[in-house]
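One structure is given below, encoded as structure tokens.
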Amino acid sequence: MKILLAPSETKKEGGTHSFDIASLLFESLTPARQNLLHHYMNLLQQGNMQTLSKLFGLKKEADILTYKKEIIHEPTMKAITRYTGVAFDYLGYDTLDNQAQTYVDHNVILFSNLFGPIKASNFIPNYKLKQGESIDNIKPEKFYHEHAASLMEAYLKNEEILDLRAGFYDKFYKPSKPYTTLKFIKDGKVVSHWAKAYRGIVLREIAKAKVSSIEDFMKLPIENLSIHEIQTKKNKTEIIYNIDK
């Protein structure tokens, strides 16, 4: 079973390893990644503050200047520890034991707005790119759909898929085979912001239990969550959880 996860716009600084773009998931995607990265670096070098403010989704000049750098020479860390948004906080990767961390490393695929689909264990530098923003008139979601969607299809051919991403990332890749998603409701209403937290909580429990199939996942007890309904439409199965707390 492979788990698809959205990235976070907030990231941890620092790192140790040097960046090797060819080490990311799908080595054959390296030329395309290098092409997009080249456009990104050109914008960083030549773009004015207004352009970079839009690209980064930042307003303060000091914050913008923090990301105006040669990221290919920046230190890297595992993607799963680089991202620091709500889902990643609730996953708490650093507090998992070695076996659970290894499970995440091997089974979680992230969808970076700059690098496309990457493994949780891939080492990436700190970067800034607002979701949905174009790079030199190139929309990353369309770019990676064109260059990587077929690679994802082949990679996941013999895998069950649990898709924990926000809907935006369907633009990068939407499975053509059966896959499973989650929805969370509380007091009869769909939860939006806190859905990120519960995705992190669910992923943490999956990793701790080293779940290998959707069937086993559906049997997994998760504190404060109970299955309310399961809906299947075409190739998408949606598990609707009720938040009991």
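If only residues of region 39-50 that are of a type outside the set (A, V, I, L, M) and surrounded by 13 or more Cβ atoms within 10 Å (Cβ to Cβ) are counted, the one that is modelled with the lowest pLDDT is G47.
Could you tell me whether region 44-55 includes any residue that is in contact (Cβ under 8 Å) with a residue 60 or more places away in the chain and in a helix (DSSP H, G or I)? Step through it out loud before you land on a result.
Of the residues in region 44-55, the ones in contact (Cβ under 8 Å) with a residue 60 or more places away in the chain are 54-55.
Within this subset, residues satisfying the condition of being in a helix (DSSP H, G or I) are 54-55.
Yes - at least one qualifying residue is present in region 44-55.
Quick check on this structure: which one of L25, L4 is out of contact with any Ser or Thr (no Cβ under 8 Å at 6 or more places or on another chain), surrounded by 19 or more Cβ atoms within 10 Å (Cβ to Cβ) and in a loop (DSSP other than H, G, I, E, B)? It would help to see each step written out before you state the result.
On the way: L4 fails: in a loop (DSSP other than H, G, I, E, B).
The match here is L25.
Taking first residues from region 203-230 that are exposed (fewer than 13 other Cβ atoms within 10 Å of the Cβ) and partners that are modelled with pLDDT of 95 or more and in a loop (DSSP other than H, G, I, E, B), the Cβ contacts under 8 Å between residues at least 6 apart in sequence or on separate chains come to S213/M1; S213/E160.
Picking from K12, K59, K69, which residue would you name as being modelled with pLDDT under 90 and either over 19 Å from the mean Cα position of the chain (by Cα) or over 13 Å from F115 (Cα atoms) (or both)?
Working: K12 fails: modelled with pLDDT under 90; K59 fails: modelled with pLDDT under 90.
Only one candidate qualifies: K69.
Residues that are of a type outside the set (K, R), within 18 Å of M77 (Cα to Cα) and either assigned to a strand (DSSP E or B) or more than 15 Å from the chain's Cα centre (by Cα) (or both) within region 119-135 comprise F123, I124, P125, listed in sequence order. Tell me whether region 88-103 contains one or more residues that are more than 18 Å from A22 (Cα to Cα) and part of a strand (DSSP E or B). The answer is no, given that none of the residues of region 88-103 is more than 18 Å from A22 (Cα to Cα) and part of a strand (DSSP E or B). Cβ-Cβ contacts under 8 Å between residues 6 or more apart (or on different chains), taken from a first residue in region 108-120 that is surrounded by 24 or more Cβ atoms within 10 Å (Cβ to Cβ) to a second residue that is hydroxyl-bearing (S, T, Y) and assigned to a strand (DSSP E or B), are listed as L110/Y83; I118/S112. Of the numbered criteria (1) within 26 Å of D94 (Cα to Cα); (2) aromatic (F, W, Y); (3) without any contact (Cβ under 8 Å) to a residue 60 or more places away in the chain, the one Y241 fails is (1).
Quick grid of which residues meet (1) at pLDDT 95 or above; (2) out of contact with any strand residue (DSSP E or B) (no Cβ under 6 Å at 6 or more places or on another chain); (3) more than 26 Å from F111 (Cα to Cα):
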position: G188; (1), (2), (3): no, yes, yes
position: I206; (1), (2), (3): yes, yes, no
position: S213; (1), (2), (3): yes, yes, no
position: H228; (1), (2), (3): no, no, yes
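Among the listed residues L129, L110, identify the single one that is out of contact with any strand residue (DSSP E or B) (no Cβ under 7 Å at 6 or more places or on another chain) and either under 23 Å from D170 (Cβ atoms) or at pLDDT 95 or above (or both).
Values: L110 fails: out of contact with any strand residue (DSSP E or B) (no Cβ under 7 Å at 6 or more places or on another chain).
After applying the criteria, what remains is L129.
In the set Y103, Y127, Y144, only one residue is touching a Lys or Arg at 6+ places or on another chain (Cβ under 6 Å) and either surrounded by fewer than 17 Cβ atoms within 10 Å (Cβ to Cβ) or hydroxyl-bearing (S, T, Y) (or both); that residue is Y103. Residue count for region 154-169, restricted to those that are surrounded by 14 or more Cβ atoms within 10 Å (Cβ to Cβ) and modelled with pLDDT of 95 or more: 10.
Selection of region 235-245 for residues being charged (D, E, K, R) and modelled with pLDDT of 95 or more yields K236, E238.
The values are calculated or read from the model by the stated rules, or taken from the named source; none is laboratory data. Note that the structure is predicted; figures quoted are calculated from it, not measured. With ideal geometry, Cβ positions are generated from the backbone for all residues, glycine too; neighbour counts draw on all protein chains shown.
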